[in-house]
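These notes are about the structure you will find just below.
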Amino acid sequence: MSEILKSLSDQGVSIWLDDISRERLRTGNLEALIRDKHVVGVTSNPTIFASALSKGDAYDTQLHDLSVRGVDVEEAVRAITTYDIRWAADVLRPVYDATGGVDGRVSIEVDPRLARKTDETVAEARALWWMVDRPNLFIKIPATAEGLPAITRAISEGISVNVTLIFSLERYRAVMDAWLTGLERARANGLNLAGIESVASFFVSRVDTEIDKRLDKIGTPEAEALKGKAAVANARLAHAAYEDVVNSPRWQALSAA
């Protein structure tokens, strides 16, 4: 596995760990993965944190103190998750510095229950950005219709964003437009664009999971032959759309800034 990961890394693939826990951090496991497995980023979500909290005793002291202080559940969740994310960001900071901010990133997601609420998503993004207070942080915002203006507003304020839950080419293009608009507003606000990095998490495997079910229902040999192919084809078209954007005069003007 190490050889495969090294080969991917040598070809320019940024290898991210889709997991985080206090236990992984305090035992030095994340440092080992960075050193031995070429991991250059970490992402998280509420499910990952729920799993981490359900295992071992790494959170017991903090949970006890939060309970004694009478902290409500919402704020307790923020306190627990931002602590881990801040720690992970510090562990990955050497990677961030060595790559000029391209790698060494850590993502934390806004509350998914806010996915259809623009103003609340922006407020949550600001709160998480302030609480973690690390330059190598990504705030994860879903690519819902209501999330698109939130993405623009967050980026315009200098918040680096990881856009998640992108499945279609149409929505991906809308995400890229929100990204460019946010950068244009950030420039108009006098912010340094060099400090604002963003990534679009275009989903691949879940596309096949859904489409293969539909192909199974069709049940023909032609449908069977198409199984496992739609997601990669979709991703290739998404990358072509990305190349169109980064070769556009609109992006070139921002890149120059």
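We did not get these values from a lab; they are worked out from the coordinates using the rules stated. None of these values were measured; they are calculated from a predicted model. As a convention, Cβ positions derive from the backbone with ideal geometry for all residues, glycine included, and neighbour counts pool all protein chains shown.
Decide, for the chain, between rounded, prolate and oblate: order the square roots of the alpha carbon gyration tensor eigenvalues as a ≥ b ≥ c, take rounded if a/c falls under 1.5, and otherwise choose prolate if a/b is larger than b/c, else oblate. Verdict is rounded for the chain. Please give, to one decimal in nm, the separation of the simple spin-label points placed at residue 123 and residue 35, each 7 Å out from Cα toward the Cβ. Taking the two extended label points, one gets 4.5 nm. The relative contact order of region 182-236 comes to 33 percent, based on Cα pairs under 8 Å that sit 6 or more residues apart. Sorting the segments 172-184, 221-233, 90-102, 124-136 by their residues' average number of neighbouring beta-carbon atoms within 10 angstrom, most packed first, yields 172-184, 124-136, 90-102, 221-233. If the chain linking residue 245 and residue 2 were pulled fully straight, counting 0.36 nm for each residue of separation and taking away their Cα-Cα distance, it would gain 84.1 nm.
Cross-link reach is defined here as a Cα-Cα straight distance under 24 Å, omitting same-chain residues fewer than 8 places apart; for residue 217 the lysines meeting it are 227, 229. Bridging of residue 37 to lysines at a Cα separation below 26 Å is possible for 6, 55, 140, once same-chain residues fewer than 8 apart are set aside. Extents of region 38-99, largest first, come to 42, 20, 19 Å (Cα atoms, principal axes, whole angstrom). For region 154-253, the spread of Cα positions along the three principal axes, ordered from largest to smallest, is 58, 23, 16 Å.
The charge dipole of the chain, taken about the Cα centre with unit charges on the Cβ atoms of Lys, Arg (+1) and Asp, Glu (-1), comes to about 300 debye, rounded to the nearest 20.
In a fully extended conformation the segment linking residue 220 and residue 177 would gain 11.6 nm over its present Cα-Cα distance, using 0.36 nm per residue. Helices assigned as whole DSSP H runs in the chain whose Cα atoms extend at least 15 Å along their own long axis and whose mean Kyte-Doolittle hydropathy is 0.5 or higher are found at 230-246. Taking Lys and Arg as +1 and Asp and Glu as -1, the other residues whose beta-carbon sits under 12 Å from that of residue 36 total +1.
With R₀ fixed at 51 Å, the C-beta to C-beta distance from residue 10 to residue 73 puts the FRET efficiency at about 0.70. With helices as the sole contributors, the chain gives -18500 deg cm²/dmol at 222 nm; each DSSP H run of n ≥ 4 counts as -39500 (n - 2.57), and the sum is divided by every residue. The peptide list 189-202, 244-257, put in order of mean Cβ contacts within 10 Å with the highest first, becomes 189-202, 244-257.
For region 168-195 versus region 40-79, the spacing of their alpha-carbon centroids is 32 Å.
Dimensions of region 76-220 along the principal axes, based on C-alpha atoms and rounded to the nearest Å, stand at 55, 33, 33, largest first.
With contacts taken as Cα pairs under 8 Å and at least 6 residues apart, the chain reaches a relative contact order of 12 percent.
Note down the net charge around residue 156, summing +1 for each Lys or Arg and -1 for each Asp or Glu among other residues with Cβ under 10 Å from its Cβ. Every neighbour counted, the sum reads +1.
Here region 1-138 yields Rg over Rh of 1.00, to two decimals, using C-alpha coordinates and the Kirkwood radius.
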